[in-house]
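Rule-based calculations on the coordinates, nothing more; no lab input. Please read these numbers as outputs of a predicted model, since none were measured by experiment. Note that each Cβ is placed from the backbone with ideal geometry, even for glycine, and that neighbours are counted across all protein chains shown.
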Amino acid sequence: MDHRPPLVVTPGEPAGIGAEISLKAWQAGLRKFCLIDQPEHIIRTAEILGISINPIIIDSPSAFDPLCDALQIIPLTWAKTPVYGVPDPANAPQVIEAIRQAAEWSRTGIAAGLVTNPIQKSSLYEAGFTHPGHTEFLASLSDTADGGPLMMLTCDQLRVVPATIHIPLSAVPAAISTDLILQKVRLMHTSLQNGFGINTPRIAVCGLNPHAGENGSMGDEDICIIAPAIDQLKAEGIAVTGPHPADTLFHLEARQTYDAVLGIYHDQVLIPLKTIDFFGGVNITLGLDIVRTSPDHGTGLDIAGTGIARADSMIAALEMAERLSRKLNKTSPNN
């Protein structure tokens, strides 16, 4: 019997599709997780979906029963009854606290890691949330490695990391530096070795400008900032190439030449990944002292409560968290 602790799934925005995709993942046979949510909300969603769950209420992951086939729920109470498709900032404190608690359980080994359902950031901001997103909030709760946190998006055919995340495009040139590229690639290298079992990771780095600047004719950032970092990383023995024109880096043949890509800004690498596998992508936060994954999509407010949300990304996120927790030996102190 597997005695490792379970994963914890956070509720995310209760007016969204988090409850639905969590239930569908459980229905698909994934059982090594417990879900933080209000039991009545989960039961109501299960009834809409026609899923029989016979939920078991537990007070923490330490009470998780690996032999129990029922959905195991860690209860919370929403300040306002969730209405599908209509976020209420009154519920934001519970959303935030669920993330904090799941991260703490993961840090102490009570949980193997956390899988976060999508949040509605506009509602959280109204409640005083000051972080750009999950990645930055989790970094504030964890010990973070140099260069972290890394937001890695993965699917079966591609792994990407944006060097800058949730900032305006106009702010990107000033936000990048040779040191930033060095830190991100070093952490990618270590994470690919430890988390993915790739002994000699091949990392491709995008240029900032079209055609990677064309030798400085379209901006000098590629020559003055990115290229020196790549030269130094090569001298350290890391298999890194670039700066590459981003428009030629993501076709099938090019993807055979690397294990992961460092992009310079958010959309540069997220658009290719979501085009290749919109429904199955997984968001992984690397560089933390915990395992964290998430579905690579939003709250789905427009389809919440209709029963049509696809759980592909949640299933992939749970499976990825399970694999990472095994690789990184995220076991409880008693095992």
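A few comments on the model shown:
- Among (1) surrounded by fewer than 20 Cβ atoms within 10 Å (Cβ to Cβ); (2) of a type in the set (Val, Ile, Thr); (3) in contact with a Phe, Trp or Tyr (Cβ under 9 Å, 6 or more places away or on another chain); (4) not in a helix (DSSP H, G or I), the one test that THR81 misses: (3)
- Enumeration of residues in the range 91-123 that are in a helix (DSSP H, G or I) and among the β-branched types (Val, Ile, Thr): VAL95, ILE96, ILE99
- Of all residues in the range 58-68, one or more are more than 19 Å from the chain's Cα centre (by Cα), crowded, with 16+ Cβ neighbours inside 10 Å and either in a helix (DSSP H, G or I) or among the polar types (S, T, N, Q) (or both).
- Search result, residues across the range 1-45 that are small (Gly, Ala, Ser) and farther than 28 Å from ARG326 by Cα: ALA15, GLY16
- Restricted to helices (runs of 4 or more DSSP H) entirely inside the range 126-225, those with at least 3 residues that are within 23 Å of ARG323 (Cα to Cα) and touching a Pro at 6+ places or on another chain (Cβ under 9 Å) are 134-141, 178-196.
- Selection count, the range 19-54, where residues are in a helix (DSSP H, G or I), surrounded by fewer than 20 Cβ atoms within 10 Å (Cβ to Cβ) and basic (Lys, Arg): 1
Yes or no, residue by residue, for (1) among the acidic types (Asp, Glu); (2) touching a Lys or Arg at 6+ places or on another chain (Cβ under 8 Å); (3) in a loop (DSSP other than H, G, I, E, B); (4) surrounded by fewer than 16 Cβ atoms within 10 Å (Cβ to Cβ):
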{"site": "THR241", "(1), (2), (3), (4)": "no, yes, no, yes"}
{"site": "ALA254", "(1), (2), (3), (4)": "no, no, no, yes"}
{"site": "LEU270", "(1), (2), (3), (4)": "no, no, no, no"}
{"site": "THR299", "(1), (2), (3), (4)": "no, no, yes, no"}
{"site": "ALA304", "(1), (2), (3), (4)": "no, no, yes, no"}
